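Shown next, in structure tokens, is the structure this report addresses.
The values are calculated or read from the model by the stated rules, or taken from the named source; none is laboratory data. Note that the structure is predicted; figures quoted are calculated from it, not measured. No Cβ is skipped: glycine too gets one built from the backbone with ideal geometry, and neighbour counts run over all protein chains shown. Calculation scope for accessible area: heavy atoms of the full protein, side chains included, ligands and nucleic acids excluded. Shrake-Rupley method; radii C 1.70, N 1.55, O 1.52, S 1.80 Å.
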Amino acid sequence: MNSASKLQYGNRFGEDVKKIAFSVASASTEAQVASARYTRWFHGDPGEPEPMATSAKKFRQITGDMAVAEVIAATKENLSILGDDASDLFTSKLPAGHRMRKAIRSSILPHVPYLGTCKFGEIVTGRNQDHFAVTQIFIANFDGDLNTDVAGANFCKPRSRDFDQMFFGLHLIMDRDGNALGFDKRLGYNGVAFKTKDITTALYNVAAASTGLSMEALKARAAAIQKATK
């Protein structure tokens, strides 16, 4: 299967997840769920192993007879697997000496038990006696918009109920015990470091944050390596 191919979400988690998606949507005021289709999570260089291929066997099946609480638990578990894969993939591609550490934490969107995000990495970018400045890196199984002016989990809003993929980074202020104090809105776009559906763009953003190198320097380094290997 080539790197541009797409997989049905049901092929990974069970066809019944589509029935759940439609039943949840029909009970809400939002638009009806479209055909649940998942873009391949990782579509790097041709010939590169696709991490999902080896992880799919570990996914927990979602079936039509599950209660909402069970769907949430299964989705969080599956998102954690995806986050773990993402962390390993990004780490394998980052320059030596990068400062991103693996940090896995999945969460579900309010009122949508089959959509969610997983934090898979974080980078400490500054510190003082009272707090840390941290950039956290996420993967989501939907495409959406981020609004850091909205409190809680509602800051992340899907554009539809379709399954998709996006990566994003957030600038946060943390206390000495690791508790989030809020978004650092002085950085990025109101606290959002980046948001993209393109894994290469995400990699460059993470590499820049975790090394302190500019995007231009990273791209020049990549071009030099590519030229040297021809």
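The residue of the range 127-142 that is nearest to the chain's Cα centre (by Cα), among those that are under 15 Å from G178 (Cβ atoms) and in a strand (DSSP E or B), is Q136.
Return the total of residues in the range 61-76 being at pLDDT 80 or above and open to solvent by less than 80 Å² (accessible area, probe 1.4 Å). Summing the residues that are at pLDDT 80 or above and open to solvent by less than 80 Å² (accessible area, probe 1.4 Å) in the range 61-76 gives 8. Kindly indicate the residue of the range 92-105 that is free of Cβ contacts under 8 Å to residues at least 24 places away in the same chain and not basic (K, R) and also most open to solvent (accessible area, probe 1.4 Å) among those meeting that condition. This residue is A96. All conditions in (1) assigned to a helix (DSSP H, G or I); (2) closer than 18 Å to C118 by Cβ hold for A207, with the sole exception of (2). Of the residues making up the range 188-230, those that are over 18 Å from V124 (Cβ atoms), open to solvent by 40 Å² or more (accessible area, probe 1.4 Å), touching a residue at least 12 places away in the same chain (Cβ under 8 Å) and over 18 Å from the mean Cα position of the chain (by Cα) are N190, K219, R221. Before we move on, is T117 outside any strand (DSSP E or B), within 16 Å of the chain's Cα centre (by Cα), surrounded by 15 or more Cβ atoms within 10 Å (Cβ to Cβ) and of a type in the set (V, I, T)? No.
Residue by residue, here is whether (1) in contact with a Cys (Cβ under 6 Å, 6 or more places away or on another chain); (2) within 22 Å of A209 (Cβ to Cβ); (3) open to solvent by 10 Å² or more (accessible area, probe 1.4 Å) holds:
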residue: S87; (1), (2), (3): no, yes, no
residue: S107; (1), (2), (3): no, yes, yes
residue: K157; (1), (2), (3): no, no, yes
residue: F163; (1), (2), (3): no, no, no
residue: G178; (1), (2), (3): no, yes, yes
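Please go through the range 191-230 and give me each residue that is polar (S, T, N, Q) and modelled with pLDDT under 85, ordered by number. Selection gives Q226, T229. Candidates in the range 124-155 are the residues that are open to solvent by 60 Å² or more (accessible area, probe 1.4 Å) and under 14 Å from N190 (Cα atoms); of these, the one that is modelled with the highest pLDDT is D145.
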